[in-house]
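Here is the structure we will look at, set down as C-alpha cells.
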Amino acid sequence: MDRRQFFGRFALGLGGAALFNLLNKNAHAASPIPNPFKGILDAPHFAPKAKRIIYLFMSGGPSQHDLFDYKPLLNKMNGEDLPESVRMGQRLTGMTGFQAHFPLAGSIFKFAQHGKSGAWISDLMPQTAKIADELCFIKSMHTEAINHDPAITFFQTGSQLAGRPSMGSWLSYGLGSANENLPAFVVLISKDRIDQPLYARLWGNAFLPSIHQGVQFRSGKEPVLFLANPDGISSASRRKMLDRLAELHSLQFEDLGDPEINSRVAQYEMAYRMQTSVPDVMDISKESDAAFELYGEESRKPGTFAANCLLARRMAERNVRFIQLYHPGWDQHGGLPNGIRRQCKDVDQACFGLITDLKQRGLLDETLVVWGGEFGRTNYSQGKLTATDYGRDHHPRCFTVWMAGGGIKPGMTYGATDEYGYNVVENPVHVHDLQATILHQMGIDHEKLTFKFQGRYYRLTDVEGQVVKSILS
C-alpha cells in the first residue's frame with residue numbers, strides 16, 4: 001500500500017491522522033504524523049521554574065516617577081530646569097525637543113515604603129502595596145526606542161522593526177501547547193481603553209509556522225471571530241467537512257511538501273475543539289462572589305482589565321502557555337494626574353487580586369507574572385507645569401517593571417536610577433535581558449531557540465541579552 005492509498009483507506013487524510021494523534025495519546029508512538037502542537041524542543045534546555053507566563057502590558061508607558069521610583073529631589077527642585085549635566089544632550093522626542101525649558105516635575109502623589117522589603121510605592125497603588133513582598137521591582141529597565149510603535153514592537157518581538165515573531169509565538173514554537181483544546185498563546189485587550197492602536201502583528205507569528213500566532217479572545221458573544229458554526233451547520237456536518245478538507249490537504253501536501261499545509265489543518269482542528277473549550281473558559285458566571293470581590297467589581301464587566309485578569313487566572317488553571325493582557329491608555333503627555341488616576345484605578349485592585357488568587361490556589365510559584373510598559377516618562381514636564389497639573393514625555397533611558405512568581409525572588413528591588421530619575425546608575429536591564437530572563441524561567445536558553453529564515457538564524461533576543469541571575473530564586 002503506498003502513502004496515498006494509506007490515507008485514502010482510512011478516509012481521514014493527514015488532518016484526521018493529526019487529530020487522532022492529538023486526541024489519542026496512546027497512538028503517539030505508532031503514528032507517522034507528529035503532533036503539530038508539540039514544540040520544536042523535545043524537552044526544555046533545563047528544568048523550568050515557570051510553566052506559563054501572564055504578561056500584563058501597560059501600553060503607553062506608565063510614569064515611574066508617579067508610581068514606583070521615588071525621587072524626593074524632583075519635589076525639592078520642582079519647576080527648576082533639568083541640568084544639562086544630567087541630560088548630556090540625549091535624544092528627545094519631537095514633542096518636547098523644542099521646548100525652551102525643561103522644568104523638573106515632582107510627583108503630586110505621596111510615596112511610602114511597604115512590606116518587609118520596604119518597597120517605595122505611591123498612594124496611586126494602595127492594593128499593589130499590600131503585595132509588595134511578592135514583587136520584584138526592576139527600576140533600571142532601558143530601551144533604545146523612543147516612540148510607541150517601535151518600543152512596543154521591541155518588547156513584544158525583540159526588534160523595533162515589524163516582521164519578527166512575538167514572544168508568545170517563540171514560546172509556543174519552542175515548548176508547544178500544554179492544553180490541546182486551547183491555544184498556547186492567548187491575547188486579551190481592555191476594551192474600554194482603546195485609545196491607541198495595537199496591531200495584531202504584536203502577537204503574530206511572522207515567519208514561524210502560523211499555528212504559533214496569538215489568538216485574541218474578545219468579550220461578548222463571539223470571543224473568537226468566526227469560531228461558531230454558521231446557521232444551518234451542525235457540529236456533525238462541520239466534522240465531516242473538516243475530514244474531507246483534510247483529505248484534500250493531504251494530497252496537496254504530497255505534491256508540495258509545504259509544512260504550512262499541516263499547520264492549517266491543525267488550526268482547523270483546534271478551532272473545532274475550541275467551539276466547546278472557549279465558551280467554558282470565558283464563562284465567569286460560576287465564579288464566586290469572593291472572587292469578584294478579590295479582583296474588584298469591575299471584574300463583573302466583560303472586557304475590563306479586571307475581568308481579563310480573572311480570565312487570565314482561569315486560563316492559567318487550564319495550562320495556557322502564554323497569556324498576554326494589554327491595557328492601553330498610559331500615554332499622559334498632558335493632564336497626567338487625572339489620567340494616571342484613572343489608569344491605576346483600572347489595574348491596582350485587579351493586579352492585587354491576580355497575584356493573591358494565584359498564590360492561594362498554588363499557581364503563583366509556577367506562573368511568572370510580568371507588569372510594565374514600553375518605556376518610562378520624563379522627569380520634566382511636557383508643556384506647562386502647575387501646582388496641580390503636568391505632563392510627561394516618553395523616556396527610554398530608565399523605567400520600572402515588576403515581576404512575581406515563577407522562580408523570581410520576591411520582595412526585592414533591583415537596579416537604581418540617579419537622584420533625578422533620568423539615567424540608570426546601577427544594574428542596567430535591557431529589553432533583551434528581560435526577554436532572556438523570561439525564557440530562562442520557562443527552561444529555554446534564549447541563544448538556542450532559533451529559526452532559520454531567508455538564510456539567517458533568528459531568535460527573540462537577536463544578538464544580545466543576558467539572563468538577570470540576581471533576581472532568580
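FYI, it's all coordinate maths here, none of it is from the lab. Everything quoted here is computed from the prediction, not taken from an experiment. In this analysis, Cβ positions are derived from the backbone assuming ideal geometry, glycine residues included, and neighbour counts consider all displayed protein chains.
In a reduced charge model with +1 at each Lys and Arg Cβ and -1 at each Asp and Glu Cβ, the chain shows a dipole moment near 800 debye about its Cα centre.
Helix 13-23 and the long axis of the chain differ in direction by around 60°, with both axes built from C-alpha atoms. DSSP beta bridges confined to the chain are antiparallel in about 50 percent of cases.
Just to confirm my numbers, what's the Cα centroid distance between the range 444-473 and the range 357-428 in Å? Their Cα centres are 23 Å away from one another. Each peptide in 448-459, 354-365 was scored by the mean count of other Cβ atoms within 10 Å over its residues; highest first, the order is 354-365, 448-459. A 27 angstrom limit on the alpha carbon distance is what I want to check against. Which of Lys51/Lys345; Lys49/Lys221; Lys130/Lys409; Lys51/Lys110 exceed it? Among Lys51/Lys345; Lys49/Lys221; Lys130/Lys409; Lys51/Lys110, the Cα-Cα distance tops 27 Å for Lys51/Lys345; Lys49/Lys221; Lys51/Lys110.
Ordering of 184-191, 228-235 by packing is 184-191, 228-235, highest average first (other Cβ atoms within 10 Å, averaged per residue).
Students often check this: by mean Cβ neighbours within 10 Å, which of 371-381, 102-112 ranks highest, and how do the rest follow?
My ranking of the peptides, most packed first, is 371-381, 102-112.
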